[in-house]
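Before any comments, here is the structure.
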Amino acid sequence: MSRFKIRKGKRFPLGATCMDGGANFSIFSRHASSLELLLFETPKDKEPVFKVSLLPEKNRDFYFWNIFVEGCHPGMAYNWRAEGPDDTSSSGFRFHKERLLLDPWARMVYDGLWDRERAKRDVKAPPIRGIIAPCLEDYDWEGVSPPEHNPEDAIIYEMHVRGFTRHPSSKVKNPGTFSGIIEKIPYLKSLGISHIELLPIMAFDEQDVPEGVRKLGLKNYWGYSPHSFFAVHPHYFVNPLDLHCLDEFRDMIKALHKEGIGVILDVVFNHTSEGGEDGPVINFKGLSNREFYHLDPKDRRKYIDFTGCGNTVNCNHPQVVFFIIECLEYWVKYFHIDGFRFDLASVLARGEDGKPMHHAPVVWSLEFSRALSRVELIAEAWDAGGLYQVGGFPGYRWQEWNGRYRDVLRQFIRGDKGLINEVATRIAGSSDLYAPSGRSPINSINFITCHDGFTLNDLVSYERKHNEANGEDNRDGSNENFSCNYGIEGETKDRRILSLRRRQAKNFMAALFLSLGVPMILSGDECLRTQRGNNNAWCQDNEISWFDWRLLKRNSGMLRFTRRIIEFRKRHPALRRRHFLAGKPLKKGEIPDILWHGKSLNEPPWNSGDENFLAYTLASIQEEEPFLHVIFNMEKEEEVEVELPELENVTWHLAIDTSRPCPNDIIEPERQSPFLNRKYLVRPRSVVVFEGRYFVP
């Protein structure tokens, strides 16, 4: 085998790195007694073309095993074998000298030979392969830098890479890929969003599904089952075996950045696709099981599960802290990622004993990382173990998915009573959650819907979840959706019901963009995409989940409303303020920054439990910015005639009334005319907004 020569390697960088006529291989395993590296000419080959053993006295620096192999090149595949103790119940180790392991630091992977079910029972089952990637420094960014958005100006659009263009109606050249998204950038630009937030694109196991789901031919579609945190999921490339496929991902990011759109990645550091005791050994279990996962101290064969997915990553073990920080800095350095949303982020706040930590090392290390200083850090601040930290997630610059905002706005707009006080707090930026710790409205990511739950269309069309297609007898998914069907469950041709549903959808969208904080919308809500009542479509890689582009025409009124309400928010800095409202004038002689009202001016219904009506007047913060008078009438039947505030030298102009038909539901400034009456009749279940402009008397 003279083609390959070996010599001493380097500890860093970890993974397989091309340099100097070969590649440096480095991997971490504290308790392995020896390692073996196997090289394959192509990822599909079953037999290696070269094998080399690594010994602790020659190839281990501290706990980093490394070797340099001359003669290997990009595109070759590789795996590791690790030998060591396997007394799982007492020590928690799962080493096996026959099992081929995937490098946790692999930059590219191939899963074409992978059979998850076989891997659970057969240590010699074909593994997922690592692929030696080309030099990542060689990509030409053409001088395109990540866009600079102030946090208060962000508008986030959550989407699935595959689902966004997989439907035949997308008419893109390569549906379901990063290239497909590039073709749809003009559409994203036209919406007016600032960021896309991609469901997981780190390589995950599509075969990680329960038995009943697998028998239906379904797969893990959302991607919350990662195994390779440094690798892009291969099935989102046009050709995953193309040596330069990573450029397709970077081409997408560069094209988005050219249009001023940032890219946020949904990352899953709370668990992996290796599952629990009966799950397969892919990489971490076979190299660092005891360090990487929370194990039951009484029986280390068992995994402590705070995630509902079989295992929990031991995020605050020093080795894992190092792994997570290095991983995220890698995505920023080589892919110019603009932010990260952390799935079940409360796991990151659990110590090695599983108990919550206020000063969790990994959380604060992320906050203080210089390489991550410009990126957004967003926490889904809860986990499946009962830890709920909305408003209390440790860290100052962290933003949080505000689940309390979602729930109370859903109930309020549905028509539930007794919520006015909290509704006002949520619309005004959730000061109860963020002010005590010195944070601001921009720490709150406000949303009505997300990938997990009903779409906006289904939120106003179904009172119950309909997840039968998932193969779990409708047991999966949340039962508490705060939804309403307004007369008929699901699809209907009843025009009265359809009209009310559309109005409620607009009410939700209006409330979201009128609230202080950072708004996030779910892809497809702007054109009323439906999942037919499925509120947990994690395994549905089909028309249930795909974006149907025909809806842009079919529901053009909703699309127009969404675009206009985004434009409306951008015209009003008062809706994007970084500081909480004080209820007092910003300057001497001015009106307070906010005045709260009920059905009568200056009489907010704070002590009323039977009203579902709230109004407020919001002062401007920039010259020539109009005042706003906002009215929420969520009474189910009652019309309310309201009086408009009388402000010196201010004329009111009707801007929004969701009860009116398109295009008069939201009126552009050039089409507005002065409203000379002092009173306005607000219909039930509607949002009304007036803009107040100064005039010269």
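Readers should treat all values here as calculations from the given coordinates under stated rules, not as data from a laboratory. A quick note: this is a predicted structure, and the numbers were derived from the prediction, not measured. Glycine gets a Cβ as well: all are built from the backbone with ideal geometry, and neighbour counts include every protein chain shown.
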- Which chymotrypsin sites (Phe, Trp or Tyr not before Pro) does the range 115-175 hold that lie in a coil by DSSP with at most 15 other beta carbons within 10 Å? W141
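Can you give the Kirkwood hydrodynamic radius for the range 69-160, in Å, rounded to one decimal and based on Cα pairs? Working shown, then result.
Working: mean 1/r = 0.0575 Å⁻¹.
Roughly 17.4 Å, rounded to one decimal.
Averaging over all projection directions, find the projected area of the Cα convex hull of the range 566-685 and quote it in nm² with one decimal place. Intermediate values should be presented prior to the final figure.
Numbers: hull surface 33.7 nm².
For the range 566-685, averaging the hull's shadow over all directions gives 8.4 nm².
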- Query: Let a ≥ b ≥ c be the square roots of the eigenvalues of the Cα gyration tensor of the range 5-137; is it rounded (a/c under 1.5), or, if not, prolate (a/b larger than b/c) or oblate?
  - Reply: oblate
- Message: Let me make sure I get this right: for the range 289-405, a, b and c are the square roots of the gyration tensor eigenvalues over alpha carbons, sorted descending. Under 1.5 in a/c it's rounded, otherwise prolate if a/b > b/c, else oblate. Which is it?
- Response: oblate
- Query: Can you give the three extents of the C-alpha atoms in the range 474-577 along their principal axes, from longest to shortest, in whole Å?
  - Reply: 44, 31, 26
- Message: With every atom except the alpha carbons ignored, what do you get for Rg and Dmax of the range 287-331, in angstroms?
- Response: 11.6, 38
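If eta is 1.002 mPa s and T is 20 °C, what Stokes-Einstein diffusion coefficient results for the range 392-497, Kirkwood Rh from Cα pairs, in µm²/s?
Values: Rh = 15.7 Å.
Answer from the Stokes-Einstein relation: 137 µm²/s.
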- Message: Run the Debye formula on the Cα coordinates of the chain, all scatterers equal and no solvent, and tell me log10 I(q)/I(0) at q = 0.05, 0.06 1/Å.
- Response: -0.26, -0.38
- Task: Using label points projected 7 Å from each Cα along Cα→Cβ, tell me how many nm separate E646 and S499, to one decimal.
- Result: 3.6 nm
- Cβ-defined net charge surrounding T312, 10 Å radius [Lys, Arg +1; Asp, Glu -1]: -1
- Item | Bridge type composition, the range 293-443 - antiparallel percent by DSSP, nearest 5 | 40 percent
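Which entries in the list K51/K120; K254/K333; K171/K258; K51/K97; K570/K679; K417/K599 go over 18 Å, if you measure between the two C-alpha atoms of each? If you can, show how the numbers build up before the last one.
Numbers: K51/K120 25 Å; K254/K333 13 Å; K171/K258 23 Å; K51/K97 14 Å; K570/K679 28 Å; K417/K599 15 Å.
Violating the 18 Å Cα-Cα cut-off are K51/K120; K171/K258; K570/K679.
Regarding the range 46-110, what is the average projected area of its C-alpha convex hull, in nm²? Before the final figure, lay out each step's value.
Numbers: hull surface 23.6 nm².
Convex hull of Cα atoms, orientation-averaged projection: 5.9 nm².
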- Message: So for each of 665-674, 314-323 I average, over its residues, the number of other beta carbons within 10 Å; can you give me the resulting order with the highest mean first?
- Response: 314-323, 665-674
- Message: I need the P(r) histogram for the range 258-322: all alpha carbon pairs, bin width 10 Å from 0 out to the longest distance, whole percents.
- Response: 21, 49, 16, 9, 4, 1
- The whole-number value in µm²/s of the Stokes-Einstein translational diffusion coefficient for the range 560-630, with Rh from the Kirkwood sum over alpha carbon pairs at 25 °C and 0.890 mPa s, is 180 µm²/s
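With N set to the residue count of the range 444-532, report its C-alpha Rg divided by 2.2 N^0.38 Å to two decimal places.
Compared with the compact-globule rule of thumb, the range 444-532 sits at 1.11.
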- Message: Quick one: 3J(HN,Hα) in Hz for the range 248-256, Karplus 6.51/-1.76/1.60 with θ = phi - 60°, rounded, Gly and Pro as x.
- Response: 4, 5, 6, 4, 5, 4, 4, 5, 5
- Task: Before rounding to the nearest 500, sum -39500 (n - 2.57) across all DSSP H runs of length at least 4 in the chain and divide by the residue total; then give [θ] at 222 nm in deg cm²/dmol.
- Result: -6000 deg cm²/dmol
- Item | Listed peptides 249-261, 509-521 by packing density, highest first (mean Cβ within 10 Å) | 509-521, 249-261
